[in-house]
Amino acid sequence: MYIFCDVRRLLAQLKLRNSIYLLIIWLCGYLLINLWPNMAQAYSLLQPALTSVGGHTLSFAPGINYAVGLHPAAIAVGDVNGDGHLDIIVANDLDRSVMVLRNRGDGTFAAAVTYMLNSHPSSLVISDLNRDGHPDIVVANGLEDSITVLRNKGDGTFAVGMTYAVGDAPNALAVGDVNRDGYPDIVTANGLDNSVTVLLNKGDGTFAKGTNYTVGLFPTAVALGDVHKDGHLDIVTANSDDHSVTLLRNQGDGTFGPGTTYAVGLRPSSVAVSDLNGDGQPDIITANLLDDNVTVLHNKGNGTFMAGTTYAVGAFPRSMALNDLNRDGYPDIVTANKTANSITILLNQGDGTFAAGITYRVGVFPKGLAVGDVNGDGYPDIITLNYLSHNVTVLLSNSFTSTSTRITMRSPAPQPSPTSTRKHKQQSQIGNNPPFSPSKVGERHQRICGDRWWNRDLCWCHFLCRPRFRLLRNKNDTYISIK
């Protein structure tokens, strides 16, 4: 009898403990889903302002978020309705949809218009496939081993069109005229069969059956560029499982020869082709997920490449884009850092080398990235696709001509205290930035964590990200600089 009662008591205690454990797990999940985006947004109160050597001050306003679907997988920008302003297009994996956020003409965006798919999109590009003057949308369907074309009706709305079979698990797309017939062709990187599929345009926006070419292990990204300068687009893939890029040379008719492989960093997740040093020869750039850096392979001038040079960025760079952000004539690099909830900007120094990275906070788990001048001021803006906060963050450029060459970090809306007038004048003469006064919370955090990046309202640095900044000490203790 006593044994029976003890067993019942033990079972009751175990049941209670299990209930408590389940409650704790549920509470953690709730906090992660509902509060983490807000914490990340609060953590982004401090924004960097960068002054480049090229004579232009490069800075971005605090990000503005716009809601999209669940687990957005890919992003692109383009003028889909012909009004002269770049719109945002997003593919949502869990929602199985494509969303178009129309630009209002001032760099702000209307609520998204949704187009439902019968597939799970993993990548997205926009291009005028049938040469009617209106950009169409192409999505890769990672689970369905296919691509789907959404045809622009001519007014910025879309009709879901034909689907074409490609290789196993397409997770990246590129569009370009590989056979020089005047119509864009489509190339997919297929992760599970280590291949790319090339679909040639028939001349009316429909496509012939795809041809597969072998590349490295688990290609995660693909780009097109004429690396041999023969007038024909070649294919470059980033191969995650063997930490390499594969170059497929165009034979001149839209077919491709055997691949040449070059080593890069660990788990390359994104790839681009661009002439970084102005020598007229396209170079190759990868973002390396596990190395927290990018690798630059400089073209030797004959379509072969030197050993890579690496530059540090944020944690887990998942996506990358190239654009001349400061208008000095040289392409700069932007990475979306997935676990750091940030982007990193690497400014080209004019010779194909890059200055130390500058970081801005964005949404939670930025998975995608697009760059374009959405507000028409002549300077490119940055848009990130945030996987866990289910939104996009738009960072508008505040760039302008300047003669200063100082690199600083500052608050986006600092308010100088009445007792700091002389310090303000001293600082304005040096860096043209108002002083920053730390709060008691920040001071306490600094004592606990040492010279690490801290937020004046929240102290989450050990929980949310790996800090990339340190305080630059001086007699006023007012500047923050990159180390």
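The values are calculated or read from the model by the stated rules, or taken from the named source; none is laboratory data. Everything quoted here is computed from the prediction, not taken from an experiment. FYI the Cβ positions are ideal-geometry reconstructions off the backbone, even for glycines, and counts take in every protein chain you see. For the accessible areas, the whole protein counts, side chains as well, though only heavy atoms, and no ligand, DNA or RNA atoms are used. Shrake-Rupley method; radii C 1.70, N 1.55, O 1.52, S 1.80 Å.
Could you tell me which residue of region 182-215 is nearest to P268 (Cα to Cα), considering only residues that are open to solvent by 10 Å² or more (accessible area, probe 1.4 Å) and small (G, A, S)?
G210
Conditions (1) under 26 Å from N250 (Cβ atoms); (2) of a type in the set (F, W, Y); (3) open to solvent by 20 Å² or more (accessible area, probe 1.4 Å), marked per residue:
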| residue | (1), (2), (3) |
| --- | --- |
| V271 | yes, no, no |
| A315 | no, no, no |
| R318 | no, no, yes |
| D332 | no, no, no |
| K338 | no, no, yes |
| F354 | no, yes, no |
| A370 | no, no, no |
| P380 | no, no, no |
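With the structure loaded, tell me whether I126 is of a type in the set (A, V, I, L, M, F, W, C) and either surrounded by fewer than 22 Cβ atoms within 10 Å (Cβ to Cβ) or modelled with pLDDT under 95 (or both) or whether it fails that test.
yes
Kindly indicate whether A287 is within 24 Å of A356 (Cβ to Cβ), open to solvent by 10 Å² or more (accessible area, probe 1.4 Å) and not β-branched (V, I, T).
Details: within 24 Å of A356 (Cβ to Cβ): yes; open to solvent by 10 Å² or more (accessible area, probe 1.4 Å): no; not β-branched (V, I, T): yes.
Criteria not met by A287.
Could you grab me the full set of residues in region 53-108 that are more than 27 Å from V149 (Cβ to Cβ) and among the β-branched types (V, I, T)? If you could, list the steps in order and put the result at the bottom.
Of all residues in region 53-108, those more than 27 Å from V149 (Cβ to Cβ) come to 53-65, 104-108.
Residues satisfying the conditions are V53, T57, I64, T108.
Can you name every residue in region 291-313 that is in contact with an Asp or Glu (Cβ under 9 Å, 6 or more places away or on another chain) and either surrounded by 14 or more Cβ atoms within 10 Å (Cβ to Cβ) or touching a residue at least 40 places away in the same chain (Cβ under 8 Å) (or both)?
Across region 291-313, the qualifying residues are V296, L297, H298, N299, G303, F305, T310, A312, V313.
Confirm whether V149 is more than 22 Å from S319 (Cβ to Cβ), at pLDDT below 95 and surrounded by 16 or more Cβ atoms within 10 Å (Cβ to Cβ).
Values: more than 22 Å from S319 (Cβ to Cβ): yes; at pLDDT below 95: no; surrounded by 16 or more Cβ atoms within 10 Å (Cβ to Cβ): yes.
The answer is no for V149.
Of the residues in region 148-182, how many are among the β-branched types (V, I, T) and within 22 Å of the chain's Cα centre (by Cα)?
Filtering region 148-182 for residues among the β-branched types (V, I, T) gives 148-149, 157, 160, 163, 166, 175, 178.
Still in the running and within 22 Å of the chain's Cα centre (by Cα): 175.
Number satisfying all stated conditions: 1.
When both residues are 6+ apart or on different chains and their Cβ atoms are under 7 Å apart, which pairs have a first residue that lies in region 189-214 and is under 17 Å from R249 (Cβ atoms) and free of Cβ contacts under 8 Å to residues at least 40 places away in the same chain, and a second that is assigned to a loop (DSSP other than H, G, I, E, B) and open to solvent by less than 10 Å² (accessible area, probe 1.4 Å)?
Hits for this filter: S195/G167.
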